[in-house]
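Notes follow once the structure below has been shown.
Taken together, the values in this text are just the output of simple stated rules run on the coordinates, not laboratory data. Owing to the predicted nature of the structure, the values given are computational and were not obtained by experimental measurement. Quick reminder, even Gly has a Cβ in these numbers, built from the backbone with ideal geometry, and neighbours come from all protein chains shown.
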Amino acid sequence: MHPSPTVRVLTGITTTGTPHLGNYAGAIAPTVRASQGPGIESFMFLADYHALIKCGDPARVQSSTLQIAASWLAAGLEPRRVTFYRQSDIPEIPQLCWLLTCVTGKGLLNRAHAYKAALDKNAAAALEPDDGVTAGLFMYPVLMAADILMFRAHRVPVGRDQVQHIEMARDMAASFNHLYGQGQELLTLPSAQIDADMALLPGLDGRKMSKSYDNVIALFGSREQLRKQIMGIVTDSRAPGEPKDTEGSTLFAIYKAFATPEESAAYARAFAEGIAWGEAKERLFERLDQEIAPKRAHYAHLMDNPREVEQTLLAGAEKARALAAPYLRELRHAVGLRPLASAPPASAAARAPAQTAAAAGGKPAFKQYREKDGRFYFKLLAAQPAGKVLLQSRGFDSPQEAGKAVKLLQTVGIQALAQLTKDCIIAADMAEKTELEHALRQLMDDPV
Ligand code: TRP
């Protein structure tokens, strides 16, 4: 059996607002669906450090965090299957942010769209160029790069406005690798994933649904509120019986984002046959409510039980940190933030070049060998302290079989253990699991 390499997809949501129907159709629902697909490892997090950049209202940051977390969970996100966490619960992220800050040209950040827009606005108002611009706003792309690079994400689904940030994250990762990687991809270069058919819902007035236009339809309001909002959608003045255009129709655009192609075709037929707008709205409302009603109850439950959401996020943070902590240790080592005893001082280095090589990013290694019993074995030896056994296999009948197990560990890392313990019984000291994981990560072929 060959495990297919997984693709890591990472999504962050800034915790400043209340999710609306447009967020649901455009981001929440497709992301939850994608996270259930095979070969995908999903990371989803609440970007609450990012929230502080644009929101100085503590109560709002807290309530938005709860609302967004509850919305994702109510929408069907399975915290057991994905890694769902809150940015501020991962202290490794701001630490990595600093490491990246030190390899990022200030000029790169000067070119960020959001920062440039602030400058333009100030120029237009004849203000100082940086008036009202915080260092947080300026650093926004670095923190975002840390979010992405911390978990070695391959793909980041984003709207067009965020593509530049992903490109900057790539630039930072490349600079870091160039300076510290010694030919290795210490940081994984991410790619932006722009979904062409990411549904962009129109709002009540027909413009893009957005809080800034005040035209949003609440996602988990009451059934009555939903009905009232749908009835308030602006339509043209065609009378009942007159054929209606689906093209440019807000009702149709929203319906289509939620319905199957067959349902949409039937709705379009009704338009052609001159359905009255009131009736068309009624049908849209019923279709939406059918999708939302069960989730609405779940949402209400979570909003009434914030402790439950907190628990879920803390469990997610634990899962995330199990990856972030050993990886950050590796990165710290790469930049020279090392325990003093682990690297010989320069003069000793000249005398003991072999040892220096190990200290300066020496890698753990698999060793395959044959025992007197005629069977084939392998073990994984640590780089530091040199020769420490991290993993010991049982005997295999052939070198090929032993080689296959090694290969599996090299390609999928620690996750291969689950499978291997069954098949060929590997003794790994679980107390050393983080160390083992760290070593395997250093050896892992990059899956994409
Ligand atoms: N900047 C994103 C937004 O405003 C939120 C975000 C923060 C994010 N960190 C991220 C998105 C990392 C993707 C990856 O929408």
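Add -39500 (n - 2.57) for each DSSP H run of 4 or more in the chain, then divide by its residues: what number comes out at 222 nm, to the nearest 500 deg cm²/dmol? Walk me through the numbers on the way to the answer.
On the way: 18 runs with 227 residues, N = 448.
Helix-only estimate at 222 nm: -16000 deg cm²/dmol.
So if I place +1 on the C-beta of Lys and Arg and -1 on the C-beta of Asp and Glu, and nothing else carries charge, what would the dipole magnitude of the chain be about its Cα centre? I want it in debye, nearest 20.
Values: 50 positive and 48 negative charges, 269 e Å.
Taking the Cα centre of the chain as origin, the dipole is about 1300 debye.
From the residues Gly132, Ala257, Val32, which one has its Cα farthest along the dipole of the chain in the positive direction, the dipole being from +1 and -1 charges on Cβ of Lys/Arg and Asp/Glu about the Cα centre?
Farthest towards the positive end: Val32.
Could you list, bin by bin from short to long, the percent of Cα-Cα pairs of segment 96-238 in 10 Å steps?
In order of increasing distance, the bins hold 10, 27, 25, 22, 12, 3, 0 percent.
Consider a paramagnetic label point 7 Å from the Cα of Ala135 along Cα→Cβ; state which residues of segment 298-339 have an amide N under 14 Å from it.
Under cut-off, by backbone N: nothing.
Work out how far the C-alpha atoms of the chain reach from end to end along every principal axis, then list the three figures in whole Å, largest first.
Largest first, the chain extends 90, 62, 38 Å along its Cα principal axes.
When the chain is fully extended, how far beyond the present Cα-Cα distance does Glu224 get from Lys116, taking 0.36 nm per residue of separation?
Numbers: separation 108, 0.36 × 108 = 38.88 nm, distance 4.30 nm.
Extending this stretch completely gives an extra 34.6 nm.
Mind giving me the FRET efficiency for Leu200 and Arg338? R0 is 60 Å, r the Cβ-Cβ distance, nearest 0.05 is fine. Could you put the intermediate results ahead of the total?
Values: r = 48 Å, r/R0 = 0.81.
With R0 = 60 Å, the Cβ-Cβ based efficiency is 0.80.
Rounding to the nearest 10 and keeping the result within 0 to 90°, find how far the Cα-based axis of helix 58-74 lies from the longest principal axis of the chain.
The two axes meet at around 90 degrees.
For the chain, take the longest principal axis of its alpha carbons; what is the angle in degrees between that and the long axis of helix 163-180, to the nearest 10 within 0 to 90?
Between the helix axis and the principal axis of the chain, the angle is about 10 degrees.
What distance in nm separates the two pseudo spin-label positions at Ala300 and Val7, each 7 Å out from Cα along the beta-carbon direction?
It is 3.9 nm.
For the peptides 136-147, 382-393, what is the packing order when you average, over each peptide's residues, the other Cβ atoms within 10 Å and list the highest mean first? Numbers along the way, then the final one.
Values: 136-147: 22.0, 382-393: 16.4.
Put in order of decreasing packing, that is 136-147, 382-393.
P(r) of segment 220-299 in 10 Å steps, Cα pairs, percent per bin?
Using 10 Å bins, I get a P(r) of 18, 52, 25, 5, 0 for segment 220-299.
For segment 156-311, just the Cα atoms, rotate onto the principal axes and tell me the three extents in Å, largest first.
72, 40, 31
Expressed as a whole number of Å, what is the distance separating the alpha-carbon centroids of segment 109-132 and segment 202-256?
35 Å
What would the Debye formula give as log10 I(q)/I(0) at q = 0.12, 0.16, 0.23 Å⁻¹ for the alpha-carbon point model of segment 68-168, no solvent?
-0.52, -0.84, -1.26
Find the relative contact order for the chain and round it to a whole percent, using C-alpha pairs within less than 8 Å whose residues are 6+ positions apart. Numbers along the way, then the final one.
Details: 634 pairs, mean separation 64.8, N = 448.
The value is 14 percent.
Taking the dipole about the Cα centre of segment 286-329, with the C-beta of Lys and Arg at +1 and of Asp and Glu at -1, give me whichever of Ala324, Leu288, Met303 is farthest to the positive side.
Ala324
Just want to confirm a number: the relative contact order over segment 220-299, from Cα pairs under 8 angstrom separated by 6+ residues, in percent. Before the final figure, lay out each step's value.
Details: 70 pairs, mean separation 35.8, N = 80.
Value for segment 220-299: 45 percent.
Would you mind calculating the gained length between Glu242 and Ala59 on full extension (0.36 nm times residue separation, minus the Cα-Cα distance), in nm to one decimal?
Working: separation 183, 0.36 × 183 = 65.88 nm, distance 4.98 nm.
Here the segment from Glu242 to Ala59 would lengthen by 60.9 nm.
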